[in-house]
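Heads up: the structure comes next, in structure tokens.
The values are calculated or read from the model by the stated rules, or taken from the named source; none is laboratory data. The structure displayed is predicted, hence computed values, not measured ones. Every residue, glycine as well, gets a Cβ built from its backbone with ideal geometry; the counts of neighbours run over all protein chains shown.
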Amino acid sequence: MSSRIVDAPGGTYSGLVVLDGIGTGVEDVVRLADGTARPVPGTDAMRRAEESWNAARQIAATGRVYGRSTGVGANRNEDVPTEAAAGHGLRLLRSHAGAIGEELPARQVRAMLAVRANQLLAGGAGLRPSVVTALCEALESGAYPVVNEFGSVGTGDIAALAQVGLALAGEHPWRGAGAPESQPLDNNDALALISSNALTLGQSALALHELRGLIEATQVVAALSLLAVDGSHEAYAAPVHAARPHRGSVEVARRMRELIGAADRPTPPLGRIQDPYGFRCLPQIHGPAHDAADALEGVLAIEINAAAENPLISPEDLAAYHHGGFYQAQLALALDHFRLAVTQVARLSTSRLSTLNEPAYTRLRPFLADQEPASSGVMILEYAAGAALGDLRAFSAPASLGHAVLSRGVEEQASFASLAARQTLRACRAYRLVIGCELVAAVRALRQRELRPEPGLGAGRALELAEAVLEADPADRPLTDDVMAAAELLDRFTDIWRGSTS
């Protein structure tokens, strides 16, 4: 059972994710959300949680502590009488469990539970350790609380976590079998549980994991498109990127050389001097997206393991520190930056799609049509990709520009990291469809030109996979199923990209 404790550093071990509040990462959260691993609290981490809980009760019994012996928000100066303290926690959970909107899918809720369990093990919350065990039991059984989507403005996912708290206390519904036994939550537990951005962090981890893989897959698709139009290899030459050594761009150029079998210093082409931006500027546009993904992962690595609860309980000096560590400016800005970079990559895909439809580059009929008079071929894919790109562009509006003044003016600023996380998740589907359109066209062009990359190259393996699932008939017909199949195939292209390194 997940209540078993192990003495090991954080990370994944043979189907286990050891939660230690120190080294748990994005991939660990994703595996727990997907149910492909089960969580186990680390020994030292549970000891920290126990010490923090004992210290919190001692501090609250002898002094004023926000949310434990006082109200919250604008009620921060209103004391809670000792005789009312036991019921104060449940009242706080009930009043704050007001999230609205659609129910979140299981995967997102499970990601939130994983993040919150790990944060509690960082040892700053002062929450009863049995809550960590209960969260781990839920992750193992597959049960998850009903959580609604709206309730946070980026200063704590208080409404969503209050719903989790009420579920743990037995007053809010669970989905699935195997819900943990009810927890006796009181004034020392309520705020300690809900003072976190665990939902936003879990959603961000899921979005980063998917979009990072799709960006990698996009380069494999771009390699097929490059071969289909006899594109130049010069744009990926090692000297070009040594002269302007941005880390992401250098790596993208190196991977492209591997995918297509190009030399570090390729021979200049005999035909076109240079290609359109969709090919020539690929390292300069994909590279920043990789850099943005790395930057976002760096922020998440800190936040997933942060003791950011307000107040911070410090057993070392028996103190409760009131602070603003819950404010998610770094995360909101990193998510906004990442989405803008992703949109640039998707937009470049639509540029390559246009090139694939142009006979001057393919030496085929316009829109890769068959031989019937006035056939439209894949013409509609430009419109479909453009429409999906429109959604992606809308999702990329910076959420961090949002503003809110709440709780009688006491909380007069908001990061809107929660909105940034939701928008990043929503971007995944639109992005996937844009790249699916390019893949359909690239494979059709290669088939019509009877071009086949060497089977040992990444591009060769990608074409073999694509030809196995994409219809070869070039006649005018609906292409919806083709694009959906191509979009689903992208996850396997990610594996090709990651295996292309020597």
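Points to keep in mind about this one:
- Boolean, Arg452 is surrounded by 14 or more Cβ atoms within 10 Å (Cβ to Cβ), out of contact with any His (no Cβ under 8 Å at 6 or more places or on another chain), closer than 27 Å to Glu372 by Cα and free of Cβ contacts under 8 Å to residues at least 40 places away in the same chain: yes
- Exactly one residue among Leu392, Leu463, Leu425 is at pLDDT 95 or above and within 15 Å of Leu489 (Cα to Cα), and that residue is Leu463.
Yes/no matrix, rows are residues, columns are (1) acidic (Asp, Glu); (2) at pLDDT 95 or above; (3) more than 18 Å from the chain's Cα centre (by Cα); (4) buried (at least 17 other Cβ atoms within 10 Å of the Cβ):
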position: Ser249; (1), (2), (3), (4): no, yes, yes, yes
position: Ile273; (1), (2), (3), (4): no, no, yes, no
position: Arg280; (1), (2), (3), (4): no, yes, yes, no
position: Gly298; (1), (2), (3), (4): no, yes, no, no
position: Ala341; (1), (2), (3), (4): no, yes, no, yes
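- Residue match in segment 61-82 (condition: part of a helix (DSSP H, G or I), in the same structural domain as Glu140 (by TED's automatic domain parsing) and at pLDDT 85 or above): no
- The residues on offer are Ala111, Ala190, and the sole one that is more than 26 Å from Ser314 (Cα to Cα), assigned by TED's automatic domain parsing to the domain that holds Thr24 and not basic (Lys, Arg) is Ala111.
- Test: residue in segment 291-298 that is acidic (Asp, Glu), in a helix (DSSP H, G or I), closer than 19 Å to Thr494 by Cβ and in contact (Cβ under 8 Å) with a residue 60 or more places away in the chain: yes
- Search result, residues across segment 116-149 that are in contact (Cβ under 8 Å) with a residue 40 or more places away in the chain and part of a loop (DSSP other than H, G, I, E, B): Leu121, Ala122, Gly123, Gly124, Ala125, Gly126, Leu127, Arg128, Pro129, Gly142, Val146, Val147
- Segment 120-138 - residue that is small (Gly, Ala, Ser) and in contact with a Leu (Cβ under 8 Å, 6 or more places away or on another chain) and, of those, nearest to Gly176 (Cα to Cα): Ala138
Table: residues versus (1) surrounded by 15 or more Cβ atoms within 10 Å (Cβ to Cβ); (2) within 23 Å of Thr355 (Cα to Cα); (3) aromatic (Phe, Trp, Tyr); (4) in the same structural domain as Gln344 (by TED's automatic domain parsing).
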| site | (1), (2), (3), (4) |
| --- | --- |
| Gln423 | yes, no, no, yes |
| Cys428 | yes, no, no, yes |
| Leu433 | yes, yes, no, yes |
| Leu439 | yes, yes, no, yes |
| Ala445 | yes, yes, no, yes |
| Gly458 | yes, yes, no, yes |
| Ala475 | no, yes, no, yes |
| Leu490 | yes, yes, no, yes |
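- The set of residues in segment 300-326 being within 19 Å of the chain's Cα centre (by Cα) and outside any helix (DSSP H, G or I) consists of Asn305, Ala306.
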